[in-house]
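Here's the structure, in structure tokens; my notes come after.
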Amino acid sequence: MSLKIPFYQDAGLLMIRLGLGIVFIAHGWSKWQSLVETNLFFSNLALPVWTVYLVIFFELIGGLAVVFGWLARFFSFGLVIIMIVAIAKVKLTSGFIGGYEFDFVLMLMALSIVLAGSGRYKMRLANWGNNSY
């Protein structure tokens, strides 16, 4: 049995995906542009160097994928993990207001895509006869 979801709920998922993806693309691009400083920052947090590249990949490529609805659940799950680590290792001591509230909202937005999927408004790479949403 397939449930029919009203179009406006899919439009809501699209808005969440656009906001989430654009923010992460911008932050991933910023990390890529200042790679030396990013490596230094991650090493000060006692994180291995390879995590810098993993985070940049998930923020840049994952952000783009989320915007277009490609593997959105997979990449959103990665973004949830990134936000949990960012809150725990960097922002938690600052408190909620003026500290980790933005990271918390991004985490919840990513979690909503993990749970609900990308919705019907997405770019298809290939259809191969599959008309399901």
> How large is ³J(HN,Hα) for each residue in region 75-85, as worked out from phi by the Karplus curve 6.51 cos²θ - 1.76 cosθ + 1.60 (θ = phi - 60°), to whole Hz, x for Gly and Pro?
Replying inline: 5, 5, 4, x, 5, 4, 4, 4, 5, 4, 5
> So how do 58-66, 22-30 stack up, highest first, on mean other-Cβ count within 10 Å?
Replying inline: 58-66, 22-30
>> Please give the Cα centre distance for region 3-24 versus region 79-108, rounded to the nearest Å.
In response: 22 Å
>> I need the per residue convex hull volume for region 7-116, using only the alpha carbons, in cubic angstrom as a whole number.
In response: 95 Å³
> Cross-link partners among lysines for LYS91, C-alpha distance below 25 Å, same-chain residues fewer than 8 apart left out?
Replying inline: LYS31
> Residue by residue through region 88-96, which ³J(HN,Hα) values in whole Hz follow from phi under the Karplus form 6.51 cos²θ - 1.76 cosθ + 1.60 (θ = phi - 60°), with glycine and proline marked x?
Replying inline: 5, 8, 10, 9, 4, 5, 7, x, 6
>> Could you check the spin-label model distance between SER30 and PHE57? Points 7 Å from the Cα along Cα→Cβ, value in nm.
In response: 2.3 nm
> With each run of n ≥ 4 DSSP H residues scored as -39500 (n - 2.57), what mean residue ellipticity at 222 nm is computed for the chain after dividing by its residue count and rounding to the nearest 500 deg cm²/dmol?
Replying inline: -22500 deg cm²/dmol
> If you stretched the chain out fully between LEU115 and LEU45, how much longer would it get, using 0.36 nm times the residue separation minus the C-alpha to C-alpha distance?
Replying inline: 22.2 nm
> Angle between the Cα long axis of helix 101-116 and the longest principal axis of the chain, 0 to 90 degrees, nearest 10?
Replying inline: 30 degrees
> Tell me, what HN-Hα J-couplings in whole Hz come from the Karplus equation 6.51 cos²θ - 1.76 cosθ + 1.60 at θ = phi - 60° for each residue of region 25-31, using x for Gly and Pro?
Replying inline: 4, 4, 6, x, 5, 4, 5
> Excluding same-chain residues fewer than 8 positions from LYS4, which lysines have a Cα within less than 26 Å of its Cα?
Replying inline: LYS122
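Each reported figure results from applying straightforward, stated rules to the coordinates on display, with no laboratory input. The structure displayed is predicted, hence computed values, not measured ones. All Cβ positions, even for glycine, are placed from backbone atoms using ideal geometry, and neighbour counts span all protein chains on display.
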